[in-house]
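J.: This is the structure, below, for whatever I ask next.
The values are calculated or read from the model by the stated rules, or taken from the named source; none is laboratory data. Here the structure is a predicted model, which means the values were calculated and not measured. As a convention, Cβ positions derive from the backbone with ideal geometry for all residues, glycine included, and neighbour counts pool all protein chains shown.
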RNA sequence: GCGCCCAUAGCUCAAUCGGAUAGAGCGACAGCCUUCUAAGCUGUAGGUUUCAGGUUCGAUUCCUGAUGGGCGUACCA
């Protein structure tokens, strides 16, 4: 039973019989409960076309609805012509039973069942550890992948990396220099080398295993040692974060399979590229939709090496060819312009880019006591993502990065995140869950036969707090749908806050376990269970844990 | 200069496809624990939604312009 569908159909019929051809009906949840459970603006939308007064027209629509019926108790016209509908408690009781039956599946949708999605994110090259700058997209991707799965997508989590090219030579040189410095402290470190302390760790491992026998060794061993160490570190951090990628896509495989040259040849054939100053240029000034100030871009340098754009295009062509129904990339705002060139290039080659969705998140500032802080435990001034997790915990890290809309700049209040108290918004939600678990444990002792209870008298849930909680719980699937439609997991958090708030209020005003009122206790316990289910399912999407005790 | 993102309470942010009296948390102030977790609850104060126009039954939301901020504007990725 889907109440929105039910109401939509009813109003459509009413409009039809009042002379509106093919009406479209938009329903909303009013912010103010005095305005009912569902409101509709159809009267205002169509009154003008029909030359009628919106309020009168609304009355006419209501008359056609033939109320009350099983699910709608009454309707009223309000304001400039809103039709406000009041839903029966019976509907909510049915819904409550449904939540308790579906449990971990309540809120899972099938709107994208049978479809596949590919989400690519993190994608740092193996030249260092993940640092806090990677945190936002790491956390966002984790939540968005979950969100997509909840709407029915089969999700492939992908990581794109490059272990070839100049940056790896640089890493090799850096590791070598640190290794050499163990024996000759005055040996010069390359100016553009990787200054992080982790390079010293890698060098120390090599020294431990090989002593000084590598002084004249080839770059290769240093490169491999560096890459292996970095990748291990990245994977470890992701593992600590609770993230598992299905595919690690290596950029160099695009060279080996000939896809880079293929793409390049195709540009030449279509006259979309030309040579100048020894380099190959792509006519991005023509391909980009916004031609203002757009310049052509180099895709193959004079040295013969492609710039990142060419493999990026080959990579996305590969993803398109793999046949996903949805392809998502997550980038920080510092990469905000480049994807347009990549998409424009692909379109120039005739590929359909409509399935590619690029999520750009704005940058993060770490703030303490109202001032921006450089977070670092070490001399090299790098605060790794792992340091952050160890400092404030995975749940808090995940929550703070996801709790705000991605397209606004994020201030990460590190002092607040460290706070193990009521000030911390994560705990507010988790506390509600723990509180319910505690009650359920107590209930098992007071009412040992509760779990086998037969029918529950839901009509006993008549207090304002209980009804309000029931109503908010039933909206969870809609919230999942709306958060997924815009790829905005923070909407789940906003919603869960409302759930927790309603639960705490219910708890405060309604004693759940009362040995002298078994029937009422059972009904309230069912409500508690439903609230726990919704909180838990929401936590699953955001990617935080649901503690049973705090 | 140009492009993208942003501007809402003292602070950090929400606000359903353009909806009704713009909401939370923190901070401030005042209350509530011999009863299921006080990491909780209740109340008070706090707003010309940066500014100026436009579109319409209705604008925080859409359009134009201004101001202020972030990011980018490489033969780096």
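J.: Might you let me know whether region A:286-296 holds any residue that is touching a helix residue (DSSP H, G or I) at 6+ places or on another chain (Cβ under 6 Å), at pLDDT 90 or above and surrounded by 19 or more Cβ atoms within 10 Å (Cβ to Cβ)?
T.: There is no residue in region A:286-296 that is touching a helix residue (DSSP H, G or I) at 6+ places or on another chain (Cβ under 6 Å), at pLDDT 90 or above and surrounded by 19 or more Cβ atoms within 10 Å (Cβ to Cβ).
J.: What number goes with the only condition from (1) assigned to a loop (DSSP other than H, G, I, E, B); (2) at pLDDT 95 or above; (3) closer than 24 Å to residue A:101 by Cβ that residue A:536 does not pass?
T.: (1)
J.: Here's another thing I want to ask about it. When you go through A:205, A:243 one by one, which is the residue that is at pLDDT 95 or above, assigned to a loop (DSSP other than H, G, I, E, B), surrounded by 13 or more Cβ atoms within 10 Å (Cβ to Cβ) and more than 13 Å from RNA strand B (Cβ to nearest atom)?
T.: A:243
J.: Give me the residue from region A:491-528 that is outside any helix (DSSP H, G or I) and exposed (fewer than 15 other Cβ atoms within 10 Å of the Cβ) and, out of that set, nearest to RNA strand B (Cβ to nearest atom).
T.: A:511
J.: Take region A:425-438 and flag every residue that is within 7 Å of RNA strand B (Cβ to nearest atom) and either in a loop (DSSP other than H, G, I, E, B) or under 26 Å from the mean Cα position of the chain (by Cα) (or both).
T.: If the condition is that a residue be within 7 Å of RNA strand B (Cβ to nearest atom) and either in a loop (DSSP other than H, G, I, E, B) or under 26 Å from the mean Cα position of the chain (by Cα) (or both), then A:425, A:427, A:428, A:431, A:434 are the ones that fit.
J.: Name every residue in region A:257-278 that is in contact with a strand residue (DSSP E or B) (Cβ under 9 Å, 6 or more places away or on another chain), free of Cβ contacts under 8 Å to residues at least 24 places away in the same chain and either surrounded by 18 or more Cβ atoms within 10 Å (Cβ to Cβ) or assigned to a helix (DSSP H, G or I) (or both), in order of residue number.
T.: The one that is in contact with a strand residue (DSSP E or B) (Cβ under 9 Å, 6 or more places away or on another chain), free of Cβ contacts under 8 Å to residues at least 24 places away in the same chain and either surrounded by 18 or more Cβ atoms within 10 Å (Cβ to Cβ) or assigned to a helix (DSSP H, G or I) (or both): A:268.
J.: Could you please find all residues in region A:230-246 being under 19 Å from the mean Cα position of the chain (by Cα) and closer than 18 Å to residue A:130 by Cβ?
T.: A:237, A:238, A:239, A:240, A:241, A:242, A:243, A:244, A:245
J.: Among (1) in contact with a helix residue (DSSP H, G or I) (Cβ under 6 Å, 6 or more places away or on another chain); (2) at pLDDT 90 or above; (3) more than 9 Å from RNA strand B (Cβ to nearest atom), where does residue A:325 come up short?
T.: Looking at each condition in turn, residue A:325 falls short on (1).
J.: Being closer than 13 Å to residue A:86 by Cα, within 12 Å of RNA strand B (Cβ to nearest atom) and touching a strand residue (DSSP E or B) at 6+ places or on another chain (Cβ under 8 Å) is the filter here, so list the residues in region A:28-67 that pass it.
T.: Once the filter is applied, which keeps residues that are closer than 13 Å to residue A:86 by Cα, within 12 Å of RNA strand B (Cβ to nearest atom) and touching a strand residue (DSSP E or B) at 6+ places or on another chain (Cβ under 8 Å), region A:28-67 yields A:28, A:29, A:30, A:35, A:36, A:37, A:38, A:39, A:40.
J.: Among the residues of region A:303-323, what is the count of those that are assigned to a helix (DSSP H, G or I) and either buried (at least 19 other Cβ atoms within 10 Å of the Cβ) or at positive phi (or both)?
T.: 9
J.: While we're looking at this one, here's another question. Any residue at all in region A:483-499 that's more than 30 Å from residue A:132 (Cα to Cα), touching a helix residue (DSSP H, G or I) at 6+ places or on another chain (Cβ under 8 Å) and in contact (Cβ under 8 Å) with a residue 60 or more places away in the chain?
T.: Checked region A:483-499: at least one residue is more than 30 Å from residue A:132 (Cα to Cα), touching a helix residue (DSSP H, G or I) at 6+ places or on another chain (Cβ under 8 Å) and in contact (Cβ under 8 Å) with a residue 60 or more places away in the chain.
J.: Moving on to the next point. Show me the helices (runs of 4 or more DSSP H) entirely contained within region A:1-95 in which 3 or more residues are touching a residue at least 40 places away in the same chain (Cβ under 8 Å).
T.: A:3-17, A:54-65
J.: While we're here: So which residues in region A:407-421 are near RNA strand B (Cβ under 6 Å from one of its atoms) and either more than 20 Å from residue A:391 (Cβ to Cβ) or assigned to a strand (DSSP E or B) (or both), if there are any at all?
T.: The answer is A:407, A:408, A:409, A:410, A:411.
J.: Taking the condition more than 17 Å from residue A:536 (Cβ to Cβ) and either buried (at least 18 other Cβ atoms within 10 Å of the Cβ) or within 10 Å of RNA strand B (Cβ to nearest atom) (or both), does residue A:401 pass?
T.: Considered against the rule, which asks whether it is more than 17 Å from residue A:536 (Cβ to Cβ) and either buried (at least 18 other Cβ atoms within 10 Å of the Cβ) or within 10 Å of RNA strand B (Cβ to nearest atom) (or both), residue A:401 comes out as yes.
J.: Another question, then. Just to verify a result, which residue in region A:96-128, among those that are assigned to a strand (DSSP E or B) and crowded, with 21+ Cβ neighbours inside 10 Å, is nearest to RNA strand B (Cβ to nearest atom)?
T.: Restricting to residues being assigned to a strand (DSSP E or B) and crowded, with 21+ Cβ neighbours inside 10 Å, the top hit is A:120.
J.: Now, a different point. Applying the selection to region A:342-358, what residues are within 29 Å of residue A:409 (Cβ to Cβ) and part of a helix (DSSP H, G or I)?
T.: Across region A:342-358, the qualifying residues are A:342, A:343, A:344.
J.: Here's another thing I want to ask about it. Taking region A:227-258, which residues are touching a helix residue (DSSP H, G or I) at 6+ places or on another chain (Cβ under 6 Å) and farther than 19 Å from residue A:395 by Cα?
T.: The answer is A:229, A:251, A:254.
J.: Among residues belonging to region A:439-462 that are under 14 Å from residue A:528 (Cα atoms) and in a loop (DSSP other than H, G, I, E, B), point out the one that is nearest to RNA strand B (Cβ to nearest atom).
T.: A:461
J.: Is it fair to say residue A:369 is within 11 Å of RNA strand B (Cβ to nearest atom) and surrounded by fewer than 19 Cβ atoms within 10 Å (Cβ to Cβ)?
T.: Criteria met by residue A:369.
J.: Could you tell me how many of the residues in region A:69-82 are at pLDDT 90 or above and near RNA strand B (Cβ under 8 Å from one of its atoms)?
T.: Number satisfying all stated conditions: 1.
J.: Oh, and also: Suppose we filter region A:324-341 for residues that are part of a helix (DSSP H, G or I) and either touching a strand residue (DSSP E or B) at 6+ places or on another chain (Cβ under 9 Å) or in contact (Cβ under 8 Å) with a residue 40 or more places away in the chain (or both); how many remain?
T.: 6
J.: Among (1) buried (at least 21 other Cβ atoms within 10 Å of the Cβ); (2) under 15 Å from residue A:531 (Cβ atoms), which single condition is residue A:465 missing?
T.: Unmet condition: (1).
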